[in-house]
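Participant: Okay, here's the structure, questions in a sec.
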Amino acid sequence: MSALMQQKELAMSTDELLQAQVELYHHSFAFVKSLALKAATDLCIPDAIQHLGGAATLSDLAAETGIHPTKLSNLRRLMRVLTTSGVFSVTGDHAGAVYKLTRVSRLLVVDRAGGRTHLSPVVSAFVSPYPVTTLFSMREWFTDERAAAMSLFEVAHGCTLWEAAAMDGTAFNAAMAADSRFTMENLLLECGSVFETVRGSLVDVGGGHGAAAAAIARAFPHVKCTVLDLPHVVATAPTDDKLTFVGGDMFDNVPPADAVLLKWVLHDWQHEDCVKILRRCKEAIPARNVGGTVIIVDTVIGSAGSQQGIASKETEVLFDVFMMAADGVEREEHEWSKIFIEAGFTDYKITPTMGLRSIIELYP
């Protein structure tokens, strides 16, 4: 093809050029949606709407949340972003606008009675200075030879994510606990049969403060649940008479059990480390014919296939880039399969869910 023909192929009309500009700016301003969501969460706007009976005007929201009256017009601008993106809904014109919760913002309402898990801590952890500023160092991480053996987080902050969490992991631990409670409560309803096959004992590897294990223990009282995590993590875990906490390193040893749970753990690690962790897990469980299994709750990119919506597909790949901060990886099935084979497992089964993560049953 000649250069002239190539130019004609690439040529766009004025309408196409202007539409391309809109799309480019839309991508450039995507971070504003995240920060607007964080502001609404910090201001407890979902709680305010719920407390006001499920519908609120701007004046109602300002009075309920302590927003200064001089900021009322700016609050309207914030809410306009959040209604356009579907976090809230709105009826009426700008003068008499009434805001309501959607299925998204209902997840941010704090249940004072303790009956339902809310995900406000997850938003606070994901949209915070540490992870956001980490991504500003991507160019340096990709190109600087000195960064070849470093994680993106190390390049940005001079320490690993885990070292930072060890110094002050309050927000991180709260987010992981909230996610574990919410995810396991719903997965046990959707895919509870996976855990029904656990005979008598289960160890939750990297289980933090035991939120996932506690959900399993409540649903299946006959299962003795143990939580393994680093000593400084389990040292601050709340007391729970249904759980046993063990301080240790999953790279060295996993306590013996009929089943091992790895919820949102392996995506933190590179291929070789995942193989090491799974080898320790395999050593901890009995043979398949007597019920030994490893249960992984993690993302399998594209596992739901055509059933996935655009939001799910985009969230998967966005999260994959987000995980580069910790040198982690979100994986497709062929990548998982290679890890399982190298770790010595003979078979696996993937059960997609309606959420971001799948359940993988791994057999020795």
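The values are calculated or read from the model by the stated rules, or taken from the named source; none is laboratory data. Source: prediction; values computed, not measured. Cβ coordinates were reconstructed from backbone atoms using ideal geometry, including for glycine residues, and neighbour counts include every protein chain displayed. SASA here: full protein model, heavy atoms, side chains in, ligands and nucleic acids out. Shrake-Rupley method; radii C 1.70, N 1.55, O 1.52, S 1.80 Å.
Participant: So, of the residues in the stretch 143-161 that are in a loop (DSSP other than H, G, I, E, B) and polar (S, T, N, Q), which turns out to be most open to solvent (accessible area, probe 1.4 Å)? Full working, then the answer.
Facilitator: If we filter the stretch 143-161 for residues that are in a loop (DSSP other than H, G, I, E, B), which is where we start, we get 144, 148-151, 158-160.
Now narrow it down to the ones that are polar (S, T, N, Q): 151, 160.
Numbers: S151: 11, T160: 34 Å².
Selected residue: T160.
Participant: As an exercise: evaluate T236 against (1) of a type outside the set (F, W, Y); (2) under 23 Å from the mean Cα position of the chain (by Cα); (3) modelled with pLDDT under 95; (4) open to solvent by less than 30 Å² (accessible area, probe 1.4 Å) and give the number of the one condition it does not meet.
Facilitator: (4)
Participant: Just give me the residues in the stretch 162-178 being touching a residue at least 60 places away in the same chain (Cβ under 8 Å), surrounded by fewer than 20 Cβ atoms within 10 Å (Cβ to Cβ) and assigned to a helix (DSSP H, G or I), in sequence order.
Facilitator: Pass one, the stretch 162-178, residues touching a residue at least 60 places away in the same chain (Cβ under 8 Å): 162, 166, 169, 173, 176, 178.
Retained after the next criterion (residues that are surrounded by fewer than 20 Cβ atoms within 10 Å (Cβ to Cβ)): 162, 166, 169, 173.
Answer for the stretch 162-178, where residues must be touching a residue at least 60 places away in the same chain (Cβ under 8 Å), surrounded by fewer than 20 Cβ atoms within 10 Å (Cβ to Cβ) and assigned to a helix (DSSP H, G or I): W162, A166, N173.
Participant: For the condition over 23 Å from A125 (Cα atoms) and more than 22 Å from the chain's Cα centre (by Cα), what is the one hit in T57, T65?
Facilitator: Details: T65 fails: over 23 Å from A125 (Cα atoms).
Exactly one of T57, T65 is over 23 Å from A125 (Cα atoms) and more than 22 Å from the chain's Cα centre (by Cα), namely T57.
Participant: I need the full set of residues from the stretch 179-202 which are among the hydroxyl-bearing types (S, T, Y) and either assigned to a helix (DSSP H, G or I) or touching a helix residue (DSSP H, G or I) at 6+ places or on another chain (Cβ under 9 Å) (or both), in order please. Before the answer, list the steps.
Facilitator: In the first step, residues of the stretch 179-202 are kept if they are among the hydroxyl-bearing types (S, T, Y); the result is 180, 183, 193, 197, 201.
Correct list: S180, T183, S193.
Participant: Report, by residue number, each residue of the stretch 51-79 that is touching a residue at least 40 places away in the same chain (Cβ under 8 Å) and of a type outside the set (A, V, I, L, M, F, W, C).
Facilitator: Correct list: G54, T57.
Participant: Which of the following residues is in contact with a helix residue (DSSP H, G or I) (Cβ under 9 Å, 6 or more places away or on another chain) and charged (D, E, K, R): R146, R139?
Facilitator: Working: R139 fails: in contact with a helix residue (DSSP H, G or I) (Cβ under 9 Å, 6 or more places away or on another chain).
Within the list R146, R139, the selection yields R146.
Participant: For T84, work out the one condition from (1) open to solvent by less than 70 Å² (accessible area, probe 1.4 Å); (2) modelled with pLDDT of 90 or more it doesn't fulfil.
Facilitator: Unmet for T84, out of (1) open to solvent by less than 70 Å² (accessible area, probe 1.4 Å); (2) modelled with pLDDT of 90 or more: (1).
Participant: Consider K338 carefully, then state whether it is surrounded by fewer than 19 Cβ atoms within 10 Å (Cβ to Cβ) and free of Cβ contacts under 8 Å to residues at least 24 places away in the same chain. It would help to see each step written out before you state the result.
Facilitator: Values: surrounded by fewer than 19 Cβ atoms within 10 Å (Cβ to Cβ): yes; free of Cβ contacts under 8 Å to residues at least 24 places away in the same chain: no.
It is false that K338 is surrounded by fewer than 19 Cβ atoms within 10 Å (Cβ to Cβ) and free of Cβ contacts under 8 Å to residues at least 24 places away in the same chain.
Participant: Run E330 past the list (1) without any contact (Cβ under 8 Å) to a residue 40 or more places away in the chain; (2) among the charged types (D, E, K, R); (3) open to solvent by less than 20 Å² (accessible area, probe 1.4 Å) and report the number of the one that doesn't hold.
Facilitator: In the conditions (1) without any contact (Cβ under 8 Å) to a residue 40 or more places away in the chain; (2) among the charged types (D, E, K, R); (3) open to solvent by less than 20 Å² (accessible area, probe 1.4 Å), E330 misses (1) alone.
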